[in-house]
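Read the structure below first, then the notes.
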Amino acid sequence: MSWAVEEWKEGLSPRVLQKIHELESQVDKLKKERQQRQYQLETLEAALQKQKQKVENEKSESAILKRENQSLMELCDNLEKAKQKISHDLQVKESQVSIQSGQLNSSKKDIERLEQELKR
């Protein structure tokens, strides 16, 4: 079959044949270069898709972390409010204990005074 492809070249001058050979070589070279570039393009597209998937995964993870962070902040706020309430309740109870302690001391003094009066 290659003889049929080459048949049209019969009778051409050596100079023209040389030019045809140069052009055919250039075409082969350009075909190889195009194949290499096509392979590079496919490789870059695959890398791009991989990066896009990675970005999507990171966005998803970021959204999950933001929700978790928000939940933890709300939990911290609730714990802080509970701590403040407990602290306030403790202060109230300490105040009550202090008052009752004062009343106890006063009652002890009254009892001691009354015992002293009874002894007389």
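The values are calculated or read from the model by the stated rules, or taken from the named source; none is laboratory data. Worth saying up front: this structure is predicted, and the values here are computed from it rather than measured. All accessible areas refer to the heavy atoms of the entire protein, side chains included, with ligands and DNA or RNA removed. Shrake-Rupley method; radii C 1.70, N 1.55, O 1.52, S 1.80 Å.
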Practice problem: Tell me, please, whether a residue that is open to solvent by 90 Å² or more (accessible area, probe 1.4 Å) and among the aliphatic types (A, V, I, L, M) can be found in segment 4-26. | Solution: no
Quiz prompt | Enumeration of residues in segment 39-56 that are open to solvent by 80 Å² or more (accessible area, probe 1.4 Å) and among the polar types (S, T, N, Q) | solution = Q40, Q49, Q51, Q53
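Considering only residues that are within 10 Å of the chain's Cα centre (by Cα) and of a type in the set (A, V, I, L, M), which ones fall in segment 56-80?
If we filter segment 56-80 for residues that are within 10 Å of the chain's Cα centre (by Cα), which is where we start, we get 57-66.
A63, I64, L65, listed by residue number.
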